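Here's the structure we're looking at; comments come further down.
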Amino acid sequence: MQQFQNVSSGDIVLSLAEQIIENRAYLSEIDGKIGDGDHGVNMAKGFGMAAERIKGNDMSLAVALDTLGTVLMTEIGGSMGPLYGVMFTQFAETIEKVPAIDAATFSAMLHSGLDGIQAIGSAKVGDKTLLDTLVPAITAFDAASRDGKSFSDSLKALVVAAEAGRDSTRDLVAKIGRASRLGERSLGVLDAGATSCALILKSLALGIEARLSPAA
Amino acid sequence: MQRFINNPDEVVEDTVKGFVKAHADIVRLGSNPRVIAARHAPVSGKVGVITGGGSGHEPAFIGYTGRNMLDAVAVGELFSSPTAKSFLDAAREANGGRGVVCLYGNYAGDNMNVKMATKLAEKEGITIATVVANDDVCSAGPDEREKRRGVAGEIFMWKCAGAKAGEGASLEEVQAIAQRAIDNCRSIGVGLGPCTLPAVGHPNFSIEPGTMEVGIGHHGEPGVRVEPLKSASEVARDMTKIVLGDHNLTAGTEVAVIVSGLGATPLNELYILHDTIESEITGRGLKISKTYIGNYFTSLEMVGATLTVMALDEELKRLLDVDVHCPAMP
C-alpha cells in the first residue's frame with residue numbers, strides 16, 4: 001500500500017499555486033468568453049498571496065492547504081474565493097491529524113472538500129461549473145482504488161477524469177453564475193472554474209505521486 | 001481607453017482611499033480596509049443595515065453609506081463579490097445589538113459569501129437577516145423571479161430599510177420593509193457600449209456600432225435582444241413598456257423612478273430619456289411622486305442607462321421621503 005508523509009509536503013501546495021499563477025492569462029481568457037474575464041486575475045492574486053506565506057516555511061500538507069484555503073476565503077471574494085476556500089480548508093481539516101496519507105485518507109479529503117462546496121453553492125453536475133471536473137475526478141479515483149489499483153494509478157485515473165470533466169463543460173449550457181445569463185450562448189466554451197479545478201487536481205496528483213512510497 | 005489609475009490591480013484600494021478622504025464627515029474606513037462604515041455607526045439599539053458588492057458601480061455601493069441609509073458596506077474587487085470576512089466585518093461595524101439586515105444583489109458570489117458570513121456572525125451572537133434584490137426584469141422570466149438579478153432597485157430597498165431602521169424598528173420589521181420595497185421594484189438596462197476591467201484590458205463583450213443591447217446587466221450580462229439603435233423616445237418607450245409590463249399597476253398608483261446612467265452616458269441624455277419615460281408613466285394613469293436622475297448605479301464606463309420603477313404604498317412613500325445624509329443622494 002502506498003502513502004506519503006503529511007509533514008514537509010507543503011511544497012505540493014506551492015507548485016499548485018505556481019500552476020494557477022502561470023495560467024493567469026489563460027484562465028482569464030476563457031472566463032472572458034462567457035464571464036467578465038477576471039477569473040485568472042483573481043485566482044492568481046489569491047494563490048500568489050498564499051504562496052508568499054508558504055514559501056520558505058517547512059509546512060505539512062495540512063497546514064499549507066489551510067493557509068491557501070484561509071487566504072482564498074478571507075481575501076479573494078467573488079465565487080471562487082468561498083468555493084475554493086471551503087474546499088481547501090476542508091481538505092486541510094480532514095488530514096490535519098494524519099501523519100501518513102494513503103488512498104483512503106486522500107479520498108476522504110476529496111469528499112470532504114466536495115461536501116463543503118455543495119453546502120455553500122447550489123450547483124449540480126452538468127451546470128457548467130468546477131463540479132463537472134471535481135465530481136467525476138473523485139468518482140474515478142474511488143473506482144480505481146476499489147478495483148485494487150495503486151494510489152499512484154488511482155491518481156492517474158483522477159487526472160484523466162478531471163480533464164475529461166473539464167472538456168465536458170464545452171458542450172454544456174451554464175445553469176448557474178454569471179454565464180448562466182447567456183443561455184445557449186455559453187455553449188462551445190470551457191468553464192473557467194472547471195478549467196482551474198483540473199489544473200489544481202493535476203498539480204495535486206503530480207505532487208503526491210512524486211512523494212509516494214510503500215507503507216513501512 | 002485612457003484612464004486615471006495608478007496600478008490596475010489596486011483600483012479598488014485607491015478608490016476607497018479617495019472616497020474616505022472626500023466624505024470623512026459621513027463615512028470612515030472600517031477596521032477591515034474593505035469595509036466602509038458610517039461615521040455614526042453602530043447605533044446602540046438600532047438594527048444595522050448593510051450591503052456589499054463588487055466595485056465599479058460607484059456611487060453604489062459605498063456612496064449609500066450614511067445616516068438613515070446603510071451603516072456599513074463590504075467592498076469587493078471590481079465586479080466581484082466581497083469576501084465572507086468583509087461581509088462579516090461590515091455586520092460587526094453595523095451591529096448595535098438588535099441584529100443586522102444584509103440587503104444585496106442576487107449574484108452567485110454574493111449569495112455564497114453572505115451565506116458564509118451569516119454563519120460566522122451567528123457564532124459571535126450577531127443575527128444577520130437577509131433580503132436579496134431581484135428587480136431586473138430581463139434577467140429571468142416572471143415565473144422565475146427568484147433568479148433575477150438585483151440592480152438599481154437596491155437603492156430604494158436600502159433607502160426604505162435604512163429609514164425604517166432609523167425609526168427604531170425591529171429586525172423583522174426592517175427585513176419586511178426591505179422585502180416589500182424590492183418586491184415593488186422593476187428595472188431594466190439598455191447598453192450602447194461595453195466596459196473594460198482595467199486589469200483585463202479589453203472589453204469582455206461587444207456592442208456593435210449602430211446597435212443596442214436591451215436588458216443588459218450591470219456587468220455586461222447579455223440582454224434579451226440586440227437591435228438597431230433607435231431614437232431616445234423609442235428606447236424610453238420600450239424601457240417603460242418592459243418595466244411596467246411586468247408590474248401590473250392599477251391606475252392611480254404612485255411610483256418612484258430612478259433613471260441611472262451606466263457610467264459613460266451624460267446626464268443630458270438621461271434627461272432626454274426621462275422626458276419620454278415621464279410621459280409614458282403618467283400616460284398610464286400612474287403618478288410619479290419622486291424622481292432620481294443621475295449616475296446612481298454604474299458599470300465602469302459602460303454606455304447606457306437603466307430605469308427603475310417602484311410602486312409606493314403609504315409607508316414606502318413616507319420612508320422614501322425621510323432625509324438621508326450619504327454621499328450618493330441629495
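The values are calculated or read from the model by the stated rules, or taken from the named source; none is laboratory data. Just so we're clear, the structure is a prediction, and the values are computed from it rather than from any experiment. We place every Cβ from the backbone using ideal geometry, glycine too, and count neighbours over all the protein chains shown.
No other residue among B:Gly153, B:Gly162, B:Gly109 is within 14 Å of chain A (Cβ to nearest Cβ), small (Gly, Ala, Ser) and under 26 Å from B:Glu77 (Cβ atoms) apart from B:Gly109. For A:Asp36, the criteria (1) within 14 Å of chain B (Cβ to nearest Cβ); (2) outside any loop (DSSP other than H, G, I, E, B) hold in every case but one, which is (2).
Scanning the stretch B:216-239 for residues that are within 23 Å of the chain's Cα centre (by Cα) and in a loop (DSSP other than H, G, I, E, B) yields B:Ile216, B:Gly217, B:His218, B:His219, B:Gly220, B:Glu221, B:Pro222, B:Gly223, B:Val224. A:Glu29 fails exactly one of the following numbered conditions: (1) within 14 Å of chain B (Cβ to nearest Cβ); (2) crowded, with 24+ Cβ neighbours inside 10 Å. What is the number of that condition? Every condition holds for A:Glu29 apart from (2). One residue alone among B:Ala84, B:Ala94 is out of contact with any Ser or Thr (no Cβ under 7 Å at 6 or more places or on another chain), more than 14 Å from every other protein chain (Cβ to nearest Cβ) and without any contact (Cβ under 8 Å) to a residue 60 or more places away in the chain, and that residue is B:Ala94. Within the stretch B:295-307, residues that are polar (S, T, N, Q) sit with their Cβ atoms under 6 Å from residues that are surrounded by fewer than 24 Cβ atoms within 10 Å (Cβ to Cβ), at 6+ positions apart or across chains, in these pairs: B:Asn295/B:Gly261; B:Thr298/B:Gly263; B:Ser299/B:Gly263. Just one of (1) more than 14 Å from the chain's Cα centre (by Cα); (2) within 11 Å of chain A (Cβ to nearest Cβ); (3) surrounded by fewer than 24 Cβ atoms within 10 Å (Cβ to Cβ) fails for B:Ser55. It is (1).
Looking only at the stretch B:280-329, which residues are part of a strand (DSSP E or B) and in contact with a Cys (Cβ under 9 Å, 6 or more places away or on another chain)? B:Ser299, B:Glu301, B:Met302, B:Val303, B:Thr308, B:Val309, B:Met310, B:Ala311 - these are the residues of the stretch B:280-329 that are part of a strand (DSSP E or B) and in contact with a Cys (Cβ under 9 Å, 6 or more places away or on another chain).
Exactly one residue out of B:Phe61, B:Phe79 is among the hydrophobic types (A, V, I, L, M, F, W, C), facing chain A (nearest Cβ under 9 Å) and in contact with a strand residue (DSSP E or B) (Cβ under 9 Å, 6 or more places away or on another chain), and it is B:Phe79. The residues of the stretch A:118-148 that are of a type in the set (A, V, I, L, M) and either surrounded by fewer than 21 Cβ atoms within 10 Å (Cβ to Cβ) or modelled with pLDDT of 95 or more (or both), listed by number, are A:Ala119, A:Ile120, A:Val125, A:Leu130, A:Leu131, A:Leu134, A:Val135, A:Ala137, A:Ile138, A:Ala140, A:Ala143, A:Ala144. Number of residues in the stretch B:165-215 that are in a loop (DSSP other than H, G, I, E, B) and within 14 Å of another protein chain (Cβ to nearest Cβ): the value is 14.
One residue alone among B:Gly125, B:Gly162, B:Gly150 is out of contact with any strand residue (DSSP E or B) (no Cβ under 6 Å at 6 or more places or on another chain), outside any strand (DSSP E or B) and small (Gly, Ala, Ser), and that residue is B:Gly125. Within the stretch A:46-75, being at the interface with chain B (Cβ under 9 Å from one of its Cβ atoms) and more than 16 Å from the chain's Cα centre (by Cα) holds for A:Thr74, A:Glu75. Looking at A:Lys124, is it out of contact with any Gly (no Cβ under 7 Å at 6 or more places or on another chain), of a type in the set (D, E, K, R) and more than 25 Å from B:Asn113 (Cβ to Cβ)? Spelling it out, it is not the case that A:Lys124 is out of contact with any Gly (no Cβ under 7 Å at 6 or more places or on another chain), of a type in the set (D, E, K, R) and more than 25 Å from B:Asn113 (Cβ to Cβ).
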